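The values are calculated or read from the model by the stated rules, or taken from the named source; none is laboratory data. From a predicted model like this one, the values you see are computed outputs, not experimental measurements. We place every Cβ from the backbone using ideal geometry, glycine too, and count neighbours over all the protein chains shown.
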Amino acid sequence: MVAVETQIPEDIFLTLQARGLFKEVLAEQSCKLLSLRLYQDRALSLGKAARLAGMSHWEFVEFLSNNNVPVIDHSAEELAAEFRAVEKLAGDLNA
């Protein structure tokens, strides 16, 4: 594992701590939100983002859904390419 450090001003940390958000919780939530953002930006695959978040595949899909992040978000060109690939595969299988 690689540790990544985040600096939080002490007054903000004390405010969060008073609300029950201790270092462990902040670290866990930070990883989840970072993984969500990296998935959304297409920097990580679904599987790797789930792993970074410390969740199973399906837990991460639910987390994305709860945060209004689409699990599948293809452009029209990407969808057209996928459909062409499926049609070609279907043609190859029927040949």
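Taking only region 64-77 into account, find how many residues are assigned to a helix (DSSP H, G or I) and surrounded by 11 or more Cβ atoms within 10 Å (Cβ to Cβ). Count: 2. In region 47-63, what residues are exposed (fewer than 15 other Cβ atoms within 10 Å of the Cβ) and either touching a helix residue (DSSP H, G or I) at 6+ places or on another chain (Cβ under 9 Å) or in contact (Cβ under 8 Å) with a residue 40 or more places away in the chain (or both)? G47, K48, G54, S56, H57, W58, E59 - these are the residues of region 47-63 that are exposed (fewer than 15 other Cβ atoms within 10 Å of the Cβ) and either touching a helix residue (DSSP H, G or I) at 6+ places or on another chain (Cβ under 9 Å) or in contact (Cβ under 8 Å) with a residue 40 or more places away in the chain (or both).
Working carefully through the options L34, L44, L26, find the one that is over 28 Å from D73 (Cβ atoms) and among the hydrophobic types (A, V, I, L, M, F, W, C).
Values: L34 fails: over 28 Å from D73 (Cβ atoms); L44 fails: over 28 Å from D73 (Cβ atoms).
Among L34, L44, L26, only L26 is over 28 Å from D73 (Cβ atoms) and among the hydrophobic types (A, V, I, L, M, F, W, C).
Every residue in region 1-35 that is part of a helix (DSSP H, G or I) and under 20 Å from the mean Cα position of the chain (by Cα), please.
Selection gives E24, V25, L26, A27, E28, Q29, S30, C31, K32, L33, L34, S35.
Table: residues versus (1) more than 24 Å from Q7 (Cβ to Cβ); (2) not aromatic (F, W, Y).
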position	(1), (2)
V25	no, yes
S35	no, yes
K48	yes, yes
M55	yes, yes
W58	yes, no
F63	yes, no
I72	yes, yes
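For region 17-42, the set of residues classified as at pLDDT below 95 and among the aliphatic types (A, V, I, L, M) consists of L21, V25, L26, A27, listed by residue number.
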